[in-house]
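Participant: Structure provided below as structure tokens; questions to follow.
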Amino acid sequence: MRAGLRLGRLALTGFRNYAALTWRPEGRVSVFFGANGSGKTNLLEAISLLVPGRGLRGARLADLTRWGGSGWAVAGRFSTVQGGLDIGTGTAPEGPADRRVFRLDGAAPRSQAEIAARVSVVWLTPQMDRLFQEGASGRRRFLDRLVYALEPGHAREVAAHDTAMAQRNRLLAEGGGEVAWLTGLEEVMARHAVAAAAARMALVERLNAALRAGVAGAFPTALLSLSCPIAERLAGGPALAAEDWLRAALAERRAADGRAGSAALGAHRADMGLADAASGLPAEAASTGQQKALLIGVVLGHAALLAEARGFAPLLLLDEPAVHLDPARRVALFDALRALPAQVLLTGTDRDTFLPLRGIAEALRTGDDALFRDPVFPPVAD
């Protein structure tokens with residue numbers, strides 16, 4: 001696995017609890033530790049917003065602005081396999097607070113996929129500990145982030161499907177509208193839903209193969225699955241036949257979908273399953289620690305898959321990764337991070353948790369809207 005992608009500088013302005021902060025990472029692994037509410041996760045969130053999407057918290061734009069402020073900005077300078085790169089995002093000066101803009105080397109990108117093609121970020125957060133006790137939407141978003149990293153165009157497919165679906169829902173709620181209009185929207189939904197399902201299927205197949213090959217190290221081998229009627233059609237026939245089936249099914253269900261207020265079929269109905277490949281134990285029946293170990297294995301496996309497919313490893317943002325892990329799993333995690341050439345940023349409340357990473361990691365205490373280097377962790381060379 002090649003590194004190829006590094007964050008060299010992060011600058012925050014009016015973001016969350018930070019009025020202004022500039023940080024230059026030293027070495028490949030960085031640990032942020034401190035009390036709850038001191039700004040650890042905010043740093044990871046800022047980095048996650050430098051790629052398309054709503055970031056690792058999925059927060060509203062209005063919630064990102066520092067209390068009492070009028071806007072926010074995040075900027076990152078990266079080294080990539082294609083050379084240096086500057087990415088910025090935030091609210092536009094003099095612009096509306098609910099509109100976010102991107103800048104790529106100082107100019108507006110042609111599309112957000114242009115950014116996703118050059119920079120990739122993968123994260124794991126404590127909220128994902130509940131992934132298998134809650135609804136399918138969270139699992140689907142997790143799976144889609146894995147797909148986006150390999151296929152940046154997947155975001156466009158999902159967005160186009162959801163836009164057409166919202167318009168169809170509105171027409172049905174208003175009494176049906178023109179048949180030709182509904183037919184056109186269902187055509188768009190079917191085309192983009194099939195494309196999204198195909199990309200999800202491909203990711204699941206490729207990631208399962210990588211995990212079987214042992215890229216997750218000492219973590220349990222996870223087995224992903226996709227629950228999706230469209231994927232079932234694709235598995236048994238060509239894409240055009242799946243589109244024809246979905247388009248006909250949507251037309252047949254107009255009355256029922258109108259009463260329900262939503263489409264019963266589409267890209268938004270997919271769900272991701274996860275199980276321990278060795279025992280067959282599904283994640284929803286596993287303990288919290290077992291679920292965490294499976295998810296870490298998936299993230300590590302995805303990083304390896306991405307590096308092989310695109311020629312560089314993604315940035316890994318691990319928020320409180322040691323929580324719910326027993327001592328043996330913590331050792332396995334730190335061993336895996338030592339072996340990865342990827343740049344990794346971790347958070348935790350207790351500095352001592354990360355002492356096994358001395359020699360390869362820098363440690364910074366968060367608080368008072370600033371970062372303070374910890375002398376127990378000696379300087380590291382990249």
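Participant: Being in contact with a Gly (Cβ under 9 Å, 6 or more places away or on another chain), in a loop (DSSP other than H, G, I, E, B) and not small (Gly, Ala, Ser) is true for just one of Val119, Val74. Which residue is that?
Facilitator: Details: Val74 fails: in a loop (DSSP other than H, G, I, E, B).
Exactly one of Val119, Val74 is in contact with a Gly (Cβ under 9 Å, 6 or more places away or on another chain), in a loop (DSSP other than H, G, I, E, B) and not small (Gly, Ala, Ser), namely Val119.
Participant: What about Ala173, is it within 28 Å of Arg247 (Cβ to Cβ), over 12 Å from the mean Cα position of the chain (by Cα) and either surrounded by 14 or more Cβ atoms within 10 Å (Cβ to Cβ) or not aromatic (Phe, Trp, Tyr) (or both)?
Facilitator: Yes.
Participant: From the list Arg156, Arg168, Arg139, which one is assigned to a helix (DSSP H, G or I), of a type in the set (Lys, Arg) and closer than 25 Å to Leu318 by Cβ?
Facilitator: After applying the criteria, what remains is Arg139.
Participant: Quick check on my filter: what residues within the stretch 15-53 are under 22 Å from Val376 (Cα atoms), in a strand (DSSP E or B) and of a type in the set (Gly, Ala, Ser)?
Facilitator: Ser30 - this is the single residue of the stretch 15-53 that is under 22 Å from Val376 (Cα atoms), in a strand (DSSP E or B) and of a type in the set (Gly, Ala, Ser).
Participant: Follow-up. Which residue, of Leu12, Leu56, Leu7, is of a type in the set (A, V, I, L, M) and not in a strand (DSSP E or B)?
Facilitator: The unique qualifying residue is Leu56.
Participant: Suppose the filter is part of a helix (DSSP H, G or I) and either touching a residue at least 40 places away in the same chain (Cβ under 8 Å) or touching a Gly at 6+ places or on another chain (Cβ under 7 Å) (or both); does Ala216 pass it?
Facilitator: So Ala216 fails the test.
Participant: Do the conditions hold for Asn208, that is, is it touching an Asp or Glu at 6+ places or on another chain (Cβ under 9 Å) and in a helix (DSSP H, G or I)?
Facilitator: no
Participant: Looking at the stretch 273-312 only, could you name the residues that are hydroxyl-bearing (Ser, Thr, Tyr) and farther than 13 Å from Ala222 by Cβ?
Facilitator: Ser287, Thr288
Participant: Going by the conditions given, is Arg247 in contact (Cβ under 8 Å) with a residue 12 or more places away in the chain, of a type in the set (Lys, Arg) and more than 24 Å from Ala277 (Cβ to Cβ)? So that I can check it myself, show each step before the final result.
Facilitator: Details: in contact (Cβ under 8 Å) with a residue 12 or more places away in the chain: yes; of a type in the set (Lys, Arg): yes; more than 24 Å from Ala277 (Cβ to Cβ): yes.
For Arg247, the condition - in contact (Cβ under 8 Å) with a residue 12 or more places away in the chain, of a type in the set (Lys, Arg) and more than 24 Å from Ala277 (Cβ to Cβ) - is met.
Participant: Related question: Looking at the stretch 219-235 only, could you name the residues that are assigned to a loop (DSSP other than H, G, I, E, B) and either among the basic types (Lys, Arg) or modelled with pLDDT of 95 or more (or both)?
Facilitator: Cys228
Participant: Right, here's the next one. Any residue that is under 23 Å from Ala235 (Cβ atoms), over 21 Å from the mean Cα position of the chain (by Cα) and assigned to a helix (DSSP H, G or I) - is there at least one of those in the stretch 176-184?
Facilitator: No: the stretch 176-184 contains no residue that is under 23 Å from Ala235 (Cβ atoms), over 21 Å from the mean Cα position of the chain (by Cα) and assigned to a helix (DSSP H, G or I).
Participant: Here is a further query. Within the stretch 299-351, count every residue that is surrounded by fewer than 23 Cβ atoms within 10 Å (Cβ to Cβ) and of a type in the set (Ser, Thr, Tyr).
Facilitator: 1
Participant: Filter the stretch 1-56 down to residues that are basic (Lys, Arg) and closer than 25 Å to Gln112 by Cβ and give me whichever is modelled with the lowest pLDDT.
Facilitator: Top of the filtered list is Arg2.
Participant: If you don't mind, another one. Out of curiosity, is Val101 surrounded by fewer than 16 Cβ atoms within 10 Å (Cβ to Cβ), part of a strand (DSSP E or B) and of a type outside the set (Gly, Ala, Ser)?
Facilitator: Values: surrounded by fewer than 16 Cβ atoms within 10 Å (Cβ to Cβ): yes; part of a strand (DSSP E or B): yes; of a type outside the set (Gly, Ala, Ser): yes.
Here the answer is yes, as Val101 does meet what is asked.
Participant: Conditions: (1) within 25 Å of Glu26 (Cβ to Cβ); (2) surrounded by fewer than 23 Cβ atoms within 10 Å (Cβ to Cβ); (3) modelled with pLDDT of 95 or more. Leu281 meets all but one. Number of the miss?
Facilitator: (1)
Participant: To continue, here is another question. Tell me which residues, restricted to the stretch 80-98, are assigned to a strand (DSSP E or B) and out of contact with any Gly (no Cβ under 6 Å at 6 or more places or on another chain).
Facilitator: Within the stretch 80-98, Thr80, Gly83, Gly84, Leu85, Asp86, Gly88, Thr89, Gly90 meet the criteria.
Participant: Is there a residue in the stretch 58-77 that is surrounded by fewer than 21 Cβ atoms within 10 Å (Cβ to Cβ) and under 19 Å from Glu26 (Cα atoms)?
Facilitator: yes
Participant: What single numbered condition from (1) more than 25 Å from the chain's Cα centre (by Cα); (2) farther than 30 Å from Thr13 by Cα fails to hold for Val376?
Facilitator: All conditions pass for Val376, except number (2).
Participant: Shifting gears a bit: Considering each of Gly55, Gly37, Gly88, Gly83 in turn, give the residue that is buried (at least 19 other Cβ atoms within 10 Å of the Cβ), free of Cβ contacts under 8 Å to residues at least 40 places away in the same chain and not hydrophobic (A, V, I, L, M, F, W, C).
Facilitator: Unique residue meeting the criteria: Gly55.
The values are calculated or read from the model by the stated rules, or taken from the named source; none is laboratory data. In this text the structure is predicted, and so the values were computed from the model without any measurement. Please note: Cβ atoms are built from the backbone with ideal geometry, for glycine as well, and neighbour counts cover all protein chains shown.
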